[in-house]
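Working notes for the structure below.
Quick note: the coordinates plus some simple rules give every number you see, no bench work behind them. Note that this is a predicted model, so its numbers are computed, not measured. Here the Cβ is made from the backbone with ideal geometry for all residues, glycine too, and neighbour counts use every protein chain on show.
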Amino acid sequence: MKNNGSMILLATAILVLLAQSCVQKAYKKTVRYRLVTPTGKSIKVVSIRGSDKPLSWNADLALRPIIADSVYEVDVTYVTGYNFTEVKFLVDGEFELKDQSNRPVQFGASDTTLYTATFNQLP
C-alpha cells in the first residue's frame, strides 16, 4: 500500500507541474491611442471600446482632447499574454467603420505603443 501512495503523490506532483507550465506569461503593454477626427464638426465626446480589459464592448473610455475637435488621446494599459487586441472608436456615441471589421492593434516590442488612426478610415 505504501508504494501505491507514493505513485499517487508522484502523479499529483506531475499534474501540478503540467498545469503550471500551461499558464501563459502576462506582460504590461500600454497603448497610446491617438485619433484624428474630421475637421469642421463640433465634437462633444470621443471614446474607444475594445475586446480586452480594461476596455470592453459595453462601455466607453473617453479620450482627452489634444487639439479640440481634431485630435484626441488616451493611454490604455493591458495585462496580457497576447501581442494584439481589437478596438473601435466612437465620436458622439457613433461607432466608426460600421459593418466593417474592428481595428487590429499590434503591441510593439517596447512597453508603450503609439497607435494613430483617423476616424472612419482604415490605413
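Quick rundown of the values:
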read-out	value
Those residues of the range 71-113 which are of a type in the set (A, V, I, L, M, F, W, C) and over 13 Å from the mean Cα position of the chain (by Cα), in sequence order	71, 90, 91, 95, 97, 109
Qualifying positions in the range 69-84 - over 18 Å from residue 35 (Cβ atoms) and among the small types (Gly, Ala, Ser)	81
Complete set of residues in the range 69-94 that are in a strand (DSSP E or B), under 18 Å from residue 57 (Cβ atoms) and touching a residue at least 12 places away in the same chain (Cβ under 8 Å)	74, 76, 78, 80, 84, 85, 86, 87, 88, 89, 90, 91
Among residues of the range 45-68, those that are of a type in the set (Lys, Arg), assigned to a strand (DSSP E or B) and touching a residue at least 24 places away in the same chain (Cβ under 8 Å), counted	1
